[in-house]
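> Below is one structure. I have some questions about it.
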Amino acid sequence: MDHSTRRNFLKDFSFGAAALSAAPGEQTKPMPGRPAFGEAGSETGKPSSIMAIAAHAGDGFFAMGAPVALAIHQGSQGTFLSLSLGEKGSATIPPERYGPMQREASERAARLLGAAAAFLPYSDGEIPANDEAAFAVCDAIRKYKPDIVVTHWRESWHKDHRACYKIVDDAIFYAGLPAIARKAPAHTVQKLFFAENWEDAQGFAADTYLDITPVFDRWFEACALFPMWRGETGFRYNDYYHSLAVARGCLSNFKYAASLMSPSEQLVRHARVL
Ligand SMILES: [Zn+2]
């Protein structure tokens, strides 16, 4: 590939903020309980609401926080939903102390980004991939009404992350079905994305590169509120996510980028012309 061709390749992959917008046209009506995948959104073409749904509080901000921060920067509402606090993540601080620290960090980080922080009461390491959890997430989706959901990719070595993927998949289905009666009416999620995460790397194939340059500093500031950010639990999150944002930026011609993966059906086009 010569230089100019390579530049065109990079340009073609520079979806930027448009990736989080709902593209009009070329879409069919959603199946009941399934995401509409780009059919709707706010009138400006920007999402009106985005939700990160993570197994552990840190995942929501570290792996999914930059897209949420960007959407908020563009005028959207943002919510971080943690299925657990990640309270067993420290080798030196007991869960009963570490859990409240994680909660406080999440609340401060969400406030800094202008987002809401919500929590479900599951135990770290023991998040159940069952209907009870899926309905709890369904209720959160119906309450916060996100157009876009960002969550874990399914091929993770961490059982909580795999559980979260399954729970979110089922929750989106339940949330969009009007026939499922809950406290709040049905809500259809428009787009679903999986975030890049070193723990969920198996089979992760980025198809969307998002320009997070405008929010990079603020997002990093929010992540730094977590005790584990600087490597206290054994993994250098700050170095990893800084390097990753630079590397993904190199691949997409942005200074900093976050890469996301779409469900395969979200990439299907319904076209009359090529
Ligand atoms: Zn995690």
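> Collect the residues in the stretch 148-160 that are more than 12 Å from the ligand (Cβ to nearest atom) and more than 12 Å from the chain's Cα centre (by Cα), keeping them in residue-number order.
Matches in the stretch 148-160: Arg154, Glu155.
> Given the criteria surrounded by 21 or more Cβ atoms within 10 Å (Cβ to Cβ) and in contact (Cβ under 8 Å) with a residue 12 or more places away in the chain, does Pro128 qualify?
The answer is no for Pro128.
> In addition: Which numbered condition in (1) closer than 22 Å to Tyr144 by Cβ; (2) buried (at least 17 other Cβ atoms within 10 Å of the Cβ) is the only one that Phe216 fails?
(1)
> If you don't mind, another one. Kindly indicate which of Arg108, Arg182, Arg162 is out of contact with any Asp or Glu (no Cβ under 7 Å at 6 or more places or on another chain) and touching a residue at least 40 places away in the same chain (Cβ under 8 Å).
Arg108
> Right, another one. Cβ-Cβ below 7 Å, separation at least six or inter-chain, first residue in the stretch 68-91 and farther than 18 Å from Phe216 by Cβ and away from the ligand (no atom under 16 Å from the Cβ), second of a type outside the set (D, E, K, R) and part of a loop (DSSP other than H, G, I, E, B): which pairs?
Gln77/Ser48; Thr79/Ala115; Thr79/Pro146
> OK, next. Condition check: at pLDDT 55 or above and touching a Pro at 6+ places or on another chain (Cβ under 7 Å). Does Ala36 satisfy that?
yes
> Additional query: Filter the stretch 226-264 down to residues that are of a type in the set (A, V, I, L, M, F, W, C) and part of a helix (DSSP H, G or I), then give me how many there are.
Qualifying residue count for the region: 8.
> Can you go through Tyr144, Tyr98 and tell me which one is within 15 Å of the ligand (Cβ to nearest atom) and buried (at least 17 other Cβ atoms within 10 Å of the Cβ)?
Going through Tyr144, Tyr98 in turn, just one is within 15 Å of the ligand (Cβ to nearest atom) and buried (at least 17 other Cβ atoms within 10 Å of the Cβ): Tyr98.
The values are calculated or read from the model by the stated rules, or taken from the named source; none is laboratory data. Model, not experiment: these values are computed from the prediction. When we count neighbours, we look across all protein chains shown, and the Cβ atoms used for this are built from the backbone with ideal geometry, even at glycine.
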